[in-house]
Amino acid sequence: AAGVIQSPRHLIKEKRETATLKCYPIPRHDTVYWYQQGPGQDPQFLISFYEKMQSDKGSIPDRFSAQQFSDYHSELNMSSLELGDSALYFCASRGRGSYEQYFGPGTRLTVT
Amino acid sequence: DAKTTQPPSMDCAEGRAANLPCNHSTISGNEYVYWYRQIHSQGPQYIIHGLKNNETNEMASLIITEDRKSSTLILPHATLRDTAVYYCIVMGYQLIWGAGTKLIIKP
């Protein structure tokens, strides 16, 4: 069965650079969630989208923005990167009427 | 703040049932109890969820107390591949993750 796809899987950036992470949800899933997991930390909810509209917002810094496109894929844009942004970034998708979030493999972002 | 409390770590012998407790004393009437697990830096994996009735699927069973203030996840026959961090999450609209329980299955 198709799973959530995230790209790239690994990304190395320098401080003050920008990064774009992409998420392709499971087909026919209309809700996308973004999470950040720092080293040794638990996942922290950043933001979610339902039917291309922002549905909820968590601890997402103002330097970050995200959107969901007409094909339901989502992108997380990160600017003015800081060392503390180094983390695993997970995307999850959920189908209409379903309760489960299905997670992608994550993007490991390293800021040097 | 996380709405759940779990022991930080547990051991279980391979082949035995692993019982993972979770306290969620502030749960409200429309909030579900979810369990996810994360195997070393992989994407979290959904296990099971419930509202007030006990639930069972091919992976695990979920026992929720009558007052809904606590629950137990049961892995009936733990294998070495079940070693992971297990998260108990009370979900209203979004998943708020607590610290989880690191479950180590020993041969």
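Tabulated data for the structure shown
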{"quantity": "Per-residue HN-Hα couplings for region B:57-69 [Karplus 6.51, -1.76, 1.60; θ = phi - 60°; Hz; x = Gly/Pro]", "calculated": "9, 5, 9, 7, 10, 10, 10, 10, 5, 4, 7, 6, 8"}
{"quantity": "Fewest-first sequence of A:78, A:53 by Cβ atoms within 10 Å of each Cβ", "calculated": "A:53, A:78"}
{"quantity": "Cβ-based net charge around residue B:47, under 13 Å, with every Lys or Arg adding one and every Asp or Glu removing one", "calculated": "-3"}
{"quantity": "Where GluC sites (Glu not before Pro) fall in DSSP loop in region A:34-112, at most 10 other Cβ within 10 Å", "calculated": "A:51"}
{"quantity": "Cysteines, the protein assembly as shown, no other Cys beta-carbon under 4.7 Å", "calculated": "B:12"}
{"quantity": "Within-10-Å neighbourhood charge of residue A:63 [Cβ basis; K, R +1; D, E -1]", "calculated": "-3"}
{"quantity": "FRET E, pair residue A:22, residue B:63, Förster distance 45 Å, beta-carbon r, rounded to 0.05", "calculated": "0.70"}
{"quantity": "Loop sites in region A:1-50: trypsin sites (Lys or Arg not before Pro), DSSP, at most 15 other Cβ within 10 Å", "calculated": "A:9, A:15, A:16, A:28"}
{"quantity": "Lys, Arg +1 and Asp, Glu -1 on Cβ, resulting dipole of chain A about Cα centre, debye, nearest 20", "calculated": "160"}
{"quantity": "Span from the region B:1-74 Cα centroid across to the region A:74-91 one, whole angstrom", "calculated": "29"}
{"quantity": "Loop-located chymotrypsin sites (Phe, Trp or Tyr not before Pro) in region A:1-104, at most 14 other Cβ atoms within 10 Å (DSSP)", "calculated": "A:69, A:99"}
{"quantity": "Exposed GluC sites (Glu not before Pro) absent: longest stretch of chain B, with sites in DSSP loops and at most 11 other Cβ within 10 Å deemed exposed", "calculated": "B:1-57"}
{"quantity": "Label-point separation, residue A:99 to residue B:41 (7 Å along Cα→Cβ), nm", "calculated": "3.3"}
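Where a number appears in this text, it was derived from the coordinates with a stated rule and is not lab data. The shown structure was predicted, so the numbers you read here are calculated from the model rather than taken from an experiment. Quick reminder, even Gly has a Cβ in these numbers, built from the backbone with ideal geometry, and neighbours come from all protein chains shown.
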